[in-house]
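Have a look at the structure below before the remarks.
The values are calculated or read from the model by the stated rules, or taken from the named source; none is laboratory data. Just so we're clear, the structure is a prediction, and the values are computed from it rather than from any experiment. With ideal geometry, Cβ positions are generated from the backbone for all residues, glycine too; neighbour counts draw on all protein chains shown. SASA here: full protein model, heavy atoms, side chains in, ligands and nucleic acids out. Shrake-Rupley method; radii C 1.70, N 1.55, O 1.52, S 1.80 Å.
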Amino acid sequence: MPKLTINGAEIEVAPGTSILQAAEALGIEIPRFCYHDRLSVPANCRMCLVEVEGGPPKPVASCAMPCADKMVVKTESEMVRKARRGVMEMLLINHPLDCPICDQGGECDLQDQAMGYGFDRSRYHENKRAVPDKDFGPLIKTSMTRCIQCTRCVRFGEEIGGVPDLGLLNRGEDVEISTFIGKAVGSELSGNMIDICPVGALTSKPYAFKARPWELRKTETIDVHDAVGSNIRVDSRGNEVLRVLPRVHEGINEVWISDKTRFACDGLSRRRLDRPWLRENGKLREASWDEAFAAVAAALRAAKPEKMAALAGDLCAVEEMVAIKDLLGPKAHYECRVSGESYDVSVRGNYLFNSTIAGIEQADAILLVGTNPRLEAAIINARIRKNWVNRRIKIGLIGPAADLSYPYTHLGERIEAQDKDVRAFLEKAGKPILIAGMGAFRRGDGTALHAALIDLCESHNMTFNMLHTAAARVGALDTGFSADGDFDLSKMDFVYLLGADDFDPEQISAKSFVVYQGHHGDAGAHRADVILPGAAYTEKEGIYVNTEGRVQSARRAVSPPGDAREDWKIIRALSDHVARKLPYDNLVQLRARIVKEWPHMGQRDIITPAAPKKFRAGGGTARGPFEPVFGGYYLTNVICRASATMMKCVDIFVNRAERAGAREAAE
């Protein structure tokens, strides 16, 4: 273990640790532009220069210099200060003086380090170089004259995103970052390039010129666009969400978030339900809360308990799902798998991502069944790619072939438990894991296939993981929001749609009384007899359980629009009108009721251990292929479908590609 001295302080580090990393461990700041702790080390900006006693008679790049025993390093000597001023002077030769209009202003590494390490004048008086801006698509705004060629974006695309669309072109004074063939950056993680850009060369196009960072109220919360549970920060001004940024969580999303998480926030303010509606004579009209509650109460009193059903949508928090169960009672039917999945939920380990998201990096073989993680959970796909980049592990796919951003062995589009190709793939694997997606369970044989996959995992000492696509799903299953057996929705007299939109409304009988409670007017609202306006995930406090079973809390960033209210409060108010008053009046009491019945709900950011258990399922597995879960990446829930930014992404990344393919086929 090398032991060295930095600015008079001794430290012992692991072999291969760089001087910059050792200095950070001591709390010593070394400026940098090209270095990023999640990316490879290019050592091309030279801002992190330090002096090594007894070494070369010149400063060395601390990001690329490994520590050696008895090394003595100085980070604040006169040599270092002079070198840093020279580097900063060089970086500012061509940098434009447009800080007042740059969206990076106030959050710019170049601004901060120029103040801390730069010089108060320049010796260069030549004309500045200008670089044409590039079209990176609808998400990333470019101002390439500001670029300092740190290559962070290039390395991110190649190493993390798996989409090498960007590169460093030309040489010398003509060097610039560009796409090779003039295409948009086609990664589901492309927005992270904005975060890692140390200057204002790459900024958010939807957020352009909207606000300055000091104007924003910052709220730490949880993402709900998939079941990963990425930790995010919501920046708002007044009652409007202006942007979403990632928070560090090593166990889930590291420092990244997906593009849906980041850019779909404009959908939170469009096509919103902001007042109750009541259907009379076949048409919806605006109503007061009392009128809406009276209509719902009358329908509830008229319906038998066994003829009631509640469906929970993909974005619901645990609180409102427990509240509606308490209101309708134990004889009613409940289901959260509104897209038609069928699998065993008798044991918690049978529907969790048991290896954990961080545990993906420990696997030496990964078998994907009925899933496209790049579309269903881009952050988990990045974990898989990270493992492949670091260790070149074996990855197999059973299901529709897809571009996953890493190489894999396609084992066909169907599975049998005794398939010799699967067994050959798993041979010699020491720590294999299986990831089963929702595409494997949307067929009639879903439960039988679930049993076969768990048998396969047990026989090969493989960890079983279920990859959910809905943020509400695990929390709903934990609290019993699932039918014990098949129930016929068409025979229900009363149906409560709790944010349920992604299902076929034709399943509900025309004679059924339908209540829709949600925040966007989508499929569920169109079928409803009464509409109750709820709150989106940024407008309420809520418990969410991610696909690995980790319990997390979302926090309220803004208020619901108009007459909309938090969802559990609506159900609590409704209970007064039906003479079934719920025994809680505030969030603390409701959560106490939840924790009393499900104790793990009180353990925040902790994964309660669970293990899969074999079970018997009637019938055998079918031989048909698996169907894709999503037709595309950008329009997977009501918020995305209301987002103008997501619609632009569909037009550029999907429709334009289809039109180009049609032209090529015609030619």
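What to note about this one:
- The set of residues from region 52-83 being part of a strand (DSSP E or B), closer than 16 Å to Asn7 by Cβ and among the hydrophobic types (A, V, I, L, M, F, W, C) comprises Val52, Val60, Val72, Val73.
- Long-range neighbours under 9 Å by Cβ, at least six apart or interchain, first residue closer than 17 Å to Phe441 by Cβ within region 456-484, second open to solvent by 20 Å² or more (accessible area, probe 1.4 Å) and among the aromatic types (Phe, Trp, Tyr): Thr469/Phe630
- For region 266-313, the candidate set comprises residues that are without any contact (Cβ under 8 Å) to a residue 12 or more places away in the chain and assigned to a strand (DSSP E or B); within that set, the residue that is surrounded by the fewest Cβ atoms within 10 Å (Cβ to Cβ) is Lys283.
- Residue count for region 596-618, restricted to those that are in a helix (DSSP H, G or I) and either open to solvent by 50 Å² or more (accessible area, probe 1.4 Å) or under 23 Å from Lys205 (Cβ atoms) (or both): 3
- Residue match in region 572-593 (condition: modelled with pLDDT under 90, more than 30 Å from Arg243 (Cα to Cα) and crowded, with 20+ Cβ neighbours inside 10 Å): no
- None of Thr621, Thr645 is of a type in the set (Ser, Thr, Tyr) and part of a helix (DSSP H, G or I) except Thr645.
- Among the residues listed as Val514, Val588, Val530, the single one being over 30 Å from Ser643 (Cα atoms) and more than 25 Å from the chain's Cα centre (by Cα): Val588
- Subset tally (residues that are surrounded by fewer than 21 Cβ atoms within 10 Å (Cβ to Cβ) and touching a helix residue (DSSP H, G or I) at 6+ places or on another chain (Cβ under 7 Å)) for region 423-442: 1
- Residues (open to solvent by 20 Å² or more (accessible area, probe 1.4 Å), in contact with a strand residue (DSSP E or B) (Cβ under 8 Å, 6 or more places away or on another chain) and charged (D, E, K, R)) located in region 243-265: Arg243, Arg247
- Of all residues making up region 1-54, the number that are in contact (Cβ under 8 Å) with a residue 24 or more places away in the chain, touching a Phe, Trp or Tyr at 6+ places or on another chain (Cβ under 7 Å) and open to solvent by 50 Å² or more (accessible area, probe 1.4 Å): 0
- All conditions but one from (1) over 30 Å from Asn354 (Cβ atoms); (2) without any contact (Cβ under 8 Å) to a residue 12 or more places away in the chain apply to Gly521; the one that does not is (2).
- Hey, Ser230 in contact with a strand residue (DSSP E or B) (Cβ under 8 Å, 6 or more places away or on another chain), small (Gly, Ala, Ser) and surrounded by fewer than 24 Cβ atoms within 10 Å (Cβ to Cβ) or not: no
- The sole residue among Asp135, Asp120 that is in a loop (DSSP other than H, G, I, E, B), under 26 Å from Ala184 (Cβ atoms) and among the acidic types (Asp, Glu) is Asp135.
- For region 390-398, the count of residues that are within 15 Å of Pro628 (Cβ to Cβ) and in a strand (DSSP E or B) is at least one.
- Hey, Gly167 assigned to a loop (DSSP other than H, G, I, E, B) and surrounded by fewer than 19 Cβ atoms within 10 Å (Cβ to Cβ) or not: no
- Some residue of region 408-421 being crowded, with 16+ Cβ neighbours inside 10 Å and not in a loop (DSSP other than H, G, I, E, B): no
Residue-wise test of (1) of a type outside the set (A, V, I, L, M); (2) in contact with a Lys or Arg (Cβ under 8 Å, 6 or more places away or on another chain); (3) outside any loop (DSSP other than H, G, I, E, B).
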| position | (1), (2), (3) |
| --- | --- |
| Ser482 | yes, yes, no |
| Leu497 | no, yes, yes |
| Phe503 | yes, no, no |
| Tyr516 | yes, yes, yes |
| Thr538 | yes, yes, yes |
| Val551 | no, yes, yes |
| Ile571 | no, no, yes |
| Asp576 | yes, no, yes |
| Lys581 | yes, no, no |
